[in-house]
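Throughout, read-outs are computed from the coordinates displayed, never taken from laboratory work. Computed from a predicted structure; not experimentally measured. Positions of Cβ are backbone-derived with ideal geometry, glycine not excepted, and every protein chain shown enters the neighbour counts.
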């Protein structure tokens, strides 16, 4: 049966998969390219991936009714390999937490302070949609830089994820 919970459980798994595809392409670049100004909103690939991690942590805190103060202006995780590992763990942590929530949680409204300190409200399903499209937005920017630098283009489309998952399930059967 289709539900918001099952929808977001799949999308949570897709985020992990898409990050892995991105990391595989990033691993083909020189370290200097990861840390140099590439014209992204957060300048470097490193800072942009750091932002993805912070966004994940902030939104999980909001979903849990908590507040997490972060500084998006600096790189909070200076070791890029460690940053990738932390983002992997954080992505799975969010996925596990979402899977443990009751189905009606996804139809609820959350209230939190925005980055500007103003009170905000949002439906859980809209918050998760924002978070996951935000990830896709920044991964897309990074992907463009990778290809501009001559690296392999990461094929991170959701349809590619579904094909790979279908193939794995078929092999298991």
Candidates 33, 12, 18, filtered to the one that is out of contact with any strand residue (DSSP E or B) (no Cβ under 8 Å at 6 or more places or on another chain), touching a residue at least 12 places away in the same chain (Cβ under 8 Å), crowded, with 17+ Cβ neighbours inside 10 Å and under 16 Å from residue 125 (Cα atoms): 12
Test: residue in segment 139-148 that is over 17 Å from the mean Cα position of the chain (by Cα), crowded, with 17+ Cβ neighbours inside 10 Å and over 30 Å from residue 65 (Cα atoms): yes
Of residues in segment 45-73 being free of Cβ contacts under 8 Å to residues at least 24 places away in the same chain and assigned to a loop (DSSP other than H, G, I, E, B), the one farthest from residue 154 (Cα to Cα): 66
Selected residue (only one of 92, 81 is surrounded by fewer than 16 Cβ atoms within 10 Å (Cβ to Cβ), touching a residue at least 60 places away in the same chain (Cβ under 8 Å) and over 22 Å from residue 41 (Cβ atoms)): 92
